[in-house]
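Taking it in order: structure first as structure tokens, then the write-up.
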Amino acid sequence: MAQFLSGYAMYSFSSIVVFIGLATLLHLQFGVTGMVNFGVVGFFGLGMYSFGVFLIQYQIPYVISMLLATGLTGVVALGLGKIILDLDSQSILVATLAIATVVEDLATTEKWLTKGVIGLGTVPFPFNLGPYSQAAYFLLSLVLTVLIVLYASKLESAPYGRLLMSIRDNEPLAQSLGKSTSRQKLYFFAITSSLMGLFGTLHASNVHFLVPRMLGPGVTFTVWIALILGGRKRILGGLVGTLATIGLFDFVIETFVPIPASAQSQLMPVIKLWIYGLALMLILMYRPSGILGEKK
Amino acid sequence: MAEKKLHIRNVAKSFSGRTVVDVADLTLGTHGIEGLIGPNGAGKTTLMNLIIHRLKMDHGQVIYFPNGKELDISNKRTDEIARLGIVKTNQVIQDFESLSIRDSLLLSLSTTKYEQFYKIFSENKLRKEAKGEIDTYLDYFRFENPGGHALSAGEKKLLDIIRCLVLKPKYLLMDEPTAGLSEEQTVKVIELMKRKTEEEDMSILVVEHDLDLIWNVSELVYFMAEGEILLQGTPEEIRKDRTVAVKYMGVSHV
């Protein structure tokens, strides 16, 4: 039991829960409000790396580092959002993708701060419960993700949620009814992006060692694929999609399917991407609103 | 005669060199309902869009007089202007695809008091507060499925008008409000326009090609052609005018 609680399973569960959190935040940004954030990993990575820098390089206490990193991500999102959010979707897509690339590049090149490709570590757990640390950390991530999902479900039938949906559906019409859509988009983008940063800080403790490779666009694509697969407009779309992708591959298959060690590292990632892509194509062709479908 | 609501000074707008609106001096809203007529391409919709700043004017000034105060709204955003009390119904159908009729009206009635990201438990309060008003409108205009979405083009058009009315505007711009409505709904809209302007502090500027409607509801009519306001007068005066006959009715009103 103790072995299970400290082993790969718990690490894997923690990652899955973090990705469910990210996908649900993307649901809020894109599914509800229509903001095309293609820089998920930028905000996630900014939170993760700035947390690591605060904690390790500057020896700032754990919780304060976490809050600082989350806040910093929010401020960057606010600045970026101010410039781009009133542009059309394509421009927002490119700009967010660009900021994610900038974050990845900075993590690689600013060696004095991030130690570059050598990596930044070790990020400890915030508490030491011996063999139960990993499990306790999983529970912490789980609680946060559940809170985000609950928020999303409550938002759906709240005046604020209705306002965000009206922005997605017809922003000029919402404006003509007196809604200051630009400001609302900006604040919501900054808040949800900073929460992506918060999940980044959580992930940092889970992986213990930060390397720039983790900040590649693959994270963004995975979260997008999960959300589209699950259903972008559905509250549980991110959850279902993440379980069907990362949950299935990084946990179920890696744990229960006997794969020869040689194929494990070489072949599996390729096959995984191949199947993600195929699944995405099939969903877009035959069930464009995702596994969960349209709301009735 | 009521106090004037708007004063438009020297407002011009051109699209790629062609002047679409060029209004030197125009006072609006001294009557309950005023009509704005003119041939297609005269600049009627553009003028309305300039007032609510949906379009940016090349130069000029729009002065608004809410409750006797004087306020330059030339540089305000559409949403600010709406909150100040000037809104416009749309000629082309505009709707929120995922909002039901009631949701759409709740959106319109909701204010920033409710629309904060942390206020996710305020739905019941808003619904309770808005119920009476929404039900009044839904009872008045019989929607086919009042619990669901607006179905036909006509219903969407009605919903667009109601969304504006629940905002209790001081000045309402209506761009061809009855185009596409049934006879019965048209009568209801007209009756509502008259009642609202009589009972409340609301003035309406209506653009219509249905001239019978214009003659019937308007106390004052403006005639617009080639971007300029050429004439203004009572419906009788405008009706009898030569210029109007030649430029407008002579062509389209056989």
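For the stretch B:1-31, a tally of residues being at negative phi and either assigned to a strand (DSSP E or B) or modelled with pLDDT of 95 or more (or both) returns 20.
Looking only at the stretch B:228-248, which residues are assigned to a helix (DSSP H, G or I) and among the polar types (S, T, N, Q)? It would help to see each step written out before you state the result.
First pass over the stretch B:228-248, keeping only residues assigned to a helix (DSSP H, G or I): B:235-240, B:242-248.
B:T243 - this is the single residue of the stretch B:228-248 that is assigned to a helix (DSSP H, G or I) and among the polar types (S, T, N, Q).
Quick check on the stretch A:173-185. Is at least one of its residues among the aliphatic types (A, V, I, L, M) and touching a Gly at 6+ places or on another chain (Cβ under 9 Å)?
Just the residues of the stretch A:173-185 that are among the aliphatic types (A, V, I, L, M), to begin with: A:173-174, A:177.
If we keep only those that are touching a Gly at 6+ places or on another chain (Cβ under 9 Å) as well, we get none.
So far as the stretch A:173-185 goes, no, none of its residues is among the aliphatic types (A, V, I, L, M) and touching a Gly at 6+ places or on another chain (Cβ under 9 Å).
Within this structure, A:K233 passes the test of being assigned to a loop (DSSP other than H, G, I, E, B) and in contact with a helix residue (DSSP H, G or I) (Cβ under 8 Å, 6 or more places away or on another chain).
Is it fair to say A:A244 is within 30 Å of A:T109 (Cβ to Cβ) and in a helix (DSSP H, G or I)? No. Once the stretch B:90-112 is narrowed to residues that are in contact with a Gly (Cβ under 9 Å, 6 or more places away or on another chain) and assigned to a helix (DSSP H, G or I), the residue that is nearest to the other protein chains (Cβ to nearest Cβ) is B:S108.
Any idea which residue in the stretch B:68-97 is surrounded by the fewest Cβ atoms within 10 Å (Cβ to Cβ), counting only those that are among the polar types (S, T, N, Q) and without any contact (Cβ under 8 Å) to a residue 60 or more places away in the chain? Within the stretch B:68-97, the match that is surrounded by the fewest Cβ atoms within 10 Å (Cβ to Cβ) is B:N75. Of all positions in the stretch B:66-87, none carries a residue that is facing another protein chain (nearest Cβ under 10 Å) and more than 30 Å from B:K4 (Cβ to Cβ).
Of the candidates A:L210, A:L239, the single residue that is more than 30 Å from A:G34 (Cβ to Cβ), touching a helix residue (DSSP H, G or I) at 6+ places or on another chain (Cβ under 6 Å) and not polar (S, T, N, Q) is A:L210. Residues that are at pLDDT 95 or above, at the interface with chain A (Cβ under 7 Å from one of its Cβ atoms) and assigned to a loop (DSSP other than H, G, I, E, B) do not occur anywhere in the stretch B:123-137.
Of all residues in the stretch A:179-190 being of a type outside the set (F, W, Y) and in contact (Cβ under 8 Å) with a residue 40 or more places away in the chain, which is surrounded by the fewest Cβ atoms within 10 Å (Cβ to Cβ)?
Within the stretch A:179-190, the subset of a type outside the set (F, W, Y) is A:179-186, A:190.
Filter again for in contact (Cβ under 8 Å) with a residue 40 or more places away in the chain, leaving A:182, A:185-186, A:190.
Values: A:S182: 17, A:K185: 21, A:L186: 20, A:A190: 22.
Applying the filter and picking the extreme gives A:S182.
Just one of the numbered conditions (1) aliphatic (A, V, I, L, M); (2) within 14 Å of another protein chain (Cβ to nearest Cβ); (3) surrounded by 22 or more Cβ atoms within 10 Å (Cβ to Cβ); (4) in contact (Cβ under 8 Å) with a residue 40 or more places away in the chain is not true of A:V149: (3).
When we screen A:G52, A:G71 for residues that are under 30 Å from A:I167 (Cβ atoms) and of a type outside the set (F, W, Y), the only hit is A:G71. In the condition set (1) under 14 Å from A:I191 (Cβ atoms); (2) in a helix (DSSP H, G or I); (3) hydrophobic (A, V, I, L, M, F, W, C), A:L46 is compliant with all but (1).
Scanning the stretch B:29-61 for residues that are closer than 15 Å to B:D72 by Cβ and in contact with a Lys or Arg (Cβ under 7 Å, 6 or more places away or on another chain), we see that the one that is surrounded by the fewest Cβ atoms within 10 Å (Cβ to Cβ) is B:Q61. Residue count for the stretch A:191-216, restricted to those that are surrounded by fewer than 21 Cβ atoms within 10 Å (Cβ to Cβ) and either within 12 Å of another protein chain (Cβ to nearest Cβ) or hydrophobic (A, V, I, L, M, F, W, C) (or both): 4. Scanning the stretch A:152-185 for residues that are facing another protein chain (nearest Cβ under 7 Å) and of a type in the set (G, A, S) gives A:S157, A:A158, A:S166, A:S176, A:G178, A:S180.
The values are calculated or read from the model by the stated rules, or taken from the named source; none is laboratory data. Just so it is clear, the model here is predicted, and its values are computed rather than measured. No Cβ is skipped: glycine too gets one built from the backbone with ideal geometry, and neighbour counts run over all protein chains shown.
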